[in-house]
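Structure first, then comments.
Throughout, read-outs are computed from the coordinates displayed, never taken from laboratory work. Just so it is clear, the structure is predicted and the values come from calculations on it, not from any experiment.
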């Protein structure tokens with residue numbers, strides 16, 4: 001069984017990853033939205049970036065859901081560890 005501290009750390013790392021993924025397309029989106037970025041296929045590229053951005057946001061949401069599950073596992077492990085410490089079991 002995983003140690004609660006390890007699981008809490010995993011949940012924190014998953015949330016950080018989700019945050020990074022969620023904003024990974026923001027710079028490209030901002031650049032593409034500017035009027036100085038006009039070209040023959042600008043509309044298609046902007047649409048593609050919007051699609052990638054939506055996919056990134058959905059992926060981040062899924063990762064956050066996984067982080068919530070891991071955090072629940074961490075809390076359960078923490079309770080077990082505390083119970084074992086109280087009873088003297090290992």
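Tabulated data for the structure shown
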read-out	value
Surface/4 of the Cα convex hull for the chain, nm²	6.4
Additional length obtainable on full extension of the chain from residue 87 to residue 3, 0.36 nm per residue less Cα span	28.5 nm
Folded to 0 to 90 degrees: helix 4-22 orientation relative to the chain principal axis, Cα	10
In degrees, nearest ten, helix 42-87 long axis to first principal axis of the chain (Cα)	10
Mean separation of Cα contacts under 8 Å, 6 or more apart, over the residue count of segment 4-83: relative contact order %	56
